[in-house]
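A.B. asks: Quick one: this structure, given as structure tokens, is what I'll be asking you about.
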Amino acid sequence: MRPEVNAAAAELAGEIDRQTSMDNHLDPTPLGPNAPVGELLLAETAIRIELPPSLHRLAVQRYEAVHKHIERPDSPLCDKVRIFYPQGSMAIRATILSRKRADGFDIDIIAELILSQSTTPAVVLDLLFEAINGPPGSQYHGKVERQTRCVTVYYADGMHLDITPTLLLTELDPRLSHLFHAKKEEPVSTHVRLPMNSYAFCEWVNAMSPIDLIFSEAYRRRVLALDAHNMRADADVKPVPAHASTEGGKAAKIVALQLLKRNRNLKYERRKIRLPPSVMLAKFAAETVTLGTNISQALDAISLKILEALEAAERSDALVDVRNPRCDVERFTDRWPDDRNAQRLYIGDLRLFRTQLAKLMSAGFSLAEKRDLLVEMFGVGPAQSAVDDYVTRIGHAVETGKRLVAPSGRVIPATVAASGSLASRAYSQPRGHTFFGSRWPGE
Amino acid sequence: MKSVRQQIEAMRRHWPNFEVAAFGNDHALWFGALAGVELQYRIMIQFGLPDPRRMDNCQWRRFPLVRVLSPSLRPNWDAKDEAPLPHVYFENTDISLSPLCLFDPCKREWSHADLIAKTTVPWAADWLACYEGWRATGRWTGGGRHAETNSEGKE
């Protein structure tokens, strides 16, 4: 970790410690009942924007079904799929609500095809489109769209699969491939092959994002609680990674990455311009060394790292150049930033984000002010819902007398875990009482 | 009945953030900082022993009176619940200084045999936590009830 990043993380950590020092040293448990309120609200917001376990299972079923469909006997790609594997956010467990549809999720898949290296980009993309779209009346017909680099399958519930066709470059470097860029309305001369190794990149991100078991377990419990509440509804397949709640768990920096992506999506919702690529954010997140136990510190450190890279490019009168650490010829920033204005725009967003984050983590702001900040940072739906749940939990704990009161006065629900870890220390559990009072005259 | 000295001693032990600003044999006044969620509020607690010679002891001699000094309580006239302020004894002179209603007198949840440090102060913290939630959502989630008549609760 670079010293200035270290310093910033330490500064934020120090700030949080100072603000809650009266209570916090008593309970260092990540996402524990006495964690800073901002940290709890960040976790609850992240849970509301990420792919929940129930939809993860659905995504896996759909992913497998599409793969089988592409390889059906009458498909133009029958026996031509070498490997079908999740990439991007799905592979690093950072899938969040779609930017385009508030109720949907984008699932990124790679279909590594067995085709001649001379096949043109447009033909590769068209072939995949035909294979998935199928004949009229077939399963996906009319629900498929050929994009510039991938083929999208749409589902009525808002989920969609982005399937990117690739060709392996060499057997000696598995998964080093070409992806294809061919915008339909542009001349063939602009169509290109681009080197990529998404597989190695995702493996690198996962290796760089170690799991803190206590954080991961605390986060998992929250994920499962909300999912239970909200429940709605064969070649060489690389299984989609199990949902973080059932296998391996999730690192705080990946949760932070999800929140940063959500903030970016919100900022660019009305701008109608290309947005900073998720893969670039993921690369910076993976490189950032942070405590594995703290979402806010991870957010602070990652946003600072990105900001510093963009500002350094600005100072050099250049555009930021970010590459795949496992495939140097793969440029993550080949389509963004378009120009210096685009770069400066995101620099401004990040500066604002960091200011808002510092306020969210400060004890000098009320819950109502933190709600407003959370809404500005991540949107009204998840933010208000996270605050509503927090308020309901606190109120219920007070009404039933099942709460602990910290030396500062902070009230926390007396869950079994909290009672066990805190009750014997400076926290008190006063007896219950009933709020009373007069009605406002005229009511 | 707990003496003023006992109350002051318990407050000093349990809530060192509170300062006793004035006291006598039958009364005490504290100022201190208290959080419900995270934000610290400066509050005032006025307390007195009942005067046996009087039938109509003033409110602060019947039970400890808690007022929030800063940041000032902010009425919300549009709140779904408890507009314009939740669970207070409304004071017409300055609504934001209305004393908090922390217990139900009819249930005899508080008496002068109780220590303020173990009842009134943590109950005020409960109130502040619920007040913050009410400010953020317009909902009062801490339960409670209201006096049905003007005389109820006035003992």
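A.B. asks: May I ask you to say which residue of A:Arg344, A:Arg371, A:Arg354 is at pLDDT 95 or above, basic (Lys, Arg), within 18 Å of the chain's Cα centre (by Cα) and more than 23 Å from A:Ser198 (Cα to Cα)?
C.D. replies: A:Arg354
A.B. asks: Tell me whether the stretch B:94-113 contains one or more residues that are surrounded by fewer than 20 Cβ atoms within 10 Å (Cβ to Cβ), outside any loop (DSSP other than H, G, I, E, B), facing chain A (nearest Cβ under 8 Å) and not hydrophobic (A, V, I, L, M, F, W, C).
C.D. replies: Looking through the stretch B:94-113, at least one residue is surrounded by fewer than 20 Cβ atoms within 10 Å (Cβ to Cβ), outside any loop (DSSP other than H, G, I, E, B), facing chain A (nearest Cβ under 8 Å) and not hydrophobic (A, V, I, L, M, F, W, C).
A.B. asks: Something else now. Within the stretch B:81-104, can one find any residue that is among the charged types (D, E, K, R) and touching a Lys or Arg at 6+ places or on another chain (Cβ under 6 Å)? Spell out the reasoning first.
C.D. replies: The first filter runs over the stretch B:81-104 and keeps only residues among the charged types (D, E, K, R), leaving B:81-82, B:91, B:94, B:104.
Still in the running and touching a Lys or Arg at 6+ places or on another chain (Cβ under 6 Å): B:81.
Checking the stretch B:81-104: at least one residue is among the charged types (D, E, K, R) and touching a Lys or Arg at 6+ places or on another chain (Cβ under 6 Å).
A.B. asks: Say we look at the stretch A:318-344 and pick out the residues that are aliphatic (A, V, I, L, M) and surrounded by fewer than 19 Cβ atoms within 10 Å (Cβ to Cβ); which of these is farthest from A:Ile306 (Cα to Cα)?
C.D. replies: Initial filter on the stretch A:318-344 (aliphatic (A, V, I, L, M)): A:318-320, A:322, A:329, A:342.
Going one step further and asking which of them are surrounded by fewer than 19 Cβ atoms within 10 Å (Cβ to Cβ), we end up with A:318-319, A:329, A:342.
Working: A:Ala318: 15, A:Leu319: 13, A:Val329: 21, A:Ala342: 14 Å.
Across the stretch A:318-344, the extreme among qualifying residues is A:Val329.
A.B. asks: Go through the stretch B:36-84 and give me each residue that's more than 15 Å from the chain's Cα centre (by Cα) and of a type in the set (Gly, Ala, Ser).
C.D. replies: Answer for the stretch B:36-84, where residues must be more than 15 Å from the chain's Cα centre (by Cα) and of a type in the set (Gly, Ala, Ser): B:Ala79, B:Ala83.
A.B. asks: Still on this structure: Please indicate, with yes or no, whether at least one residue in the stretch B:48-56 is of a type outside the set (Val, Ile, Thr), in contact with a Leu (Cβ under 8 Å, 6 or more places away or on another chain) and farther than 15 Å from B:Arg135 by Cβ.
C.D. replies: no
A.B. asks: Within the stretch A:359-374, can you find the residues that are part of a helix (DSSP H, G or I) and either acidic (Asp, Glu) or buried (at least 17 other Cβ atoms within 10 Å of the Cβ) (or both)? I'd like the intermediate steps shown before the answer.
C.D. replies: Here is the first cut: in the stretch A:359-374, the ones part of a helix (DSSP H, G or I) are A:359-360, A:367-374.
The answer is A:Leu360, A:Leu367, A:Ala368, A:Glu369, A:Lys370, A:Arg371, A:Asp372, A:Leu373, A:Leu374.
Here is a yes/no grid of residues against (1) in contact with a Ser or Thr (Cβ under 8 Å, 6 or more places away or on another chain); (2) more than 7 Å from every other protein chain (Cβ to nearest Cβ):
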site	(1), (2)
A:Ser362	no, yes
A:Ser366	no, no
A:Val375	no, yes
A:Ala383	yes, yes
A:Val387	yes, no
A:Tyr390	no, yes
A:Gly395	yes, no
A:Gly401	no, yes
A:Leu404	yes, yes
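A.B. asks: For residues that are of a type in the set (A, V, I, L, M) and at pLDDT 95 or above, scanning just the stretch B:50-66, find the one that is surrounded by the most Cβ atoms within 10 Å (Cβ to Cβ).
C.D. replies: Taking the stretch B:50-66 as the starting set, the residues that turn out to be of a type in the set (A, V, I, L, M) are B:55, B:65-66.
Remaining after also requiring at pLDDT 95 or above: B:65-66.
On the way: B:Leu65: 20, B:Val66: 25.
Of everything passing the filter in the stretch B:50-66, B:Val66 is surrounded by the most Cβ atoms within 10 Å (Cβ to Cβ).
A.B. asks: Mind counting the residues in the stretch B:1-26 that are more than 18 Å from the chain's Cα centre (by Cα), away from chain A (no Cβ under 14 Å), assigned to a helix (DSSP H, G or I) and not polar (S, T, N, Q)?
C.D. replies: Adding up the residues that qualify gives 2.
A.B. asks: Please find, among B:Leu69, B:Leu29, B:Leu34, the residue that is surrounded by fewer than 15 Cβ atoms within 10 Å (Cβ to Cβ) and assigned to a strand (DSSP E or B). Reasoning before the result, please.
C.D. replies: Working: B:Leu29 fails: surrounded by fewer than 15 Cβ atoms within 10 Å (Cβ to Cβ); B:Leu34 fails: surrounded by fewer than 15 Cβ atoms within 10 Å (Cβ to Cβ).
Answer to the check: B:Leu69.
A.B. asks: Scan the stretch B:114-134 and report the pairs whose first residue is facing chain A (nearest Cβ under 8 Å) and under 14 Å from B:Val88 (Cα atoms) and whose second residue is of a type in the set (S, T, N, Q) and surrounded by fewer than 24 Cβ atoms within 10 Å (Cβ to Cβ), with Cβ atoms within less than 7 Å and a gap of 6+ or a chain change.
C.D. replies: B:Cys130/B:Thr141
A.B. asks: Inside the stretch A:164-177, can you point out the residues that are buried (at least 19 other Cβ atoms within 10 Å of the Cβ) and not aliphatic (A, V, I, L, M)?
C.D. replies: A:Thr164, A:Pro165, A:Thr166, A:Arg175, A:Ser177
A.B. asks: Would you say A:Ser424 is modelled with pLDDT under 95 and more than 11 Å from every other protein chain (Cβ to nearest Cβ)?
C.D. replies: Working: modelled with pLDDT under 95: yes; more than 11 Å from every other protein chain (Cβ to nearest Cβ): yes.
Yes.
A.B. asks: Can you confirm whether B:Gly138 is closer than 22 Å to B:Arg5 by Cβ and more than 9 Å from every other protein chain (Cβ to nearest Cβ)?
C.D. replies: On the way: closer than 22 Å to B:Arg5 by Cβ: no; more than 9 Å from every other protein chain (Cβ to nearest Cβ): yes.
Judged against the criteria, B:Gly138 is not a match.
The values are calculated or read from the model by the stated rules, or taken from the named source; none is laboratory data. Here the structure is a predicted model, which means the values were calculated and not measured. So basically every Cβ, Gly included, is an ideal-geometry build from the backbone, and we count neighbours across all protein chains shown.
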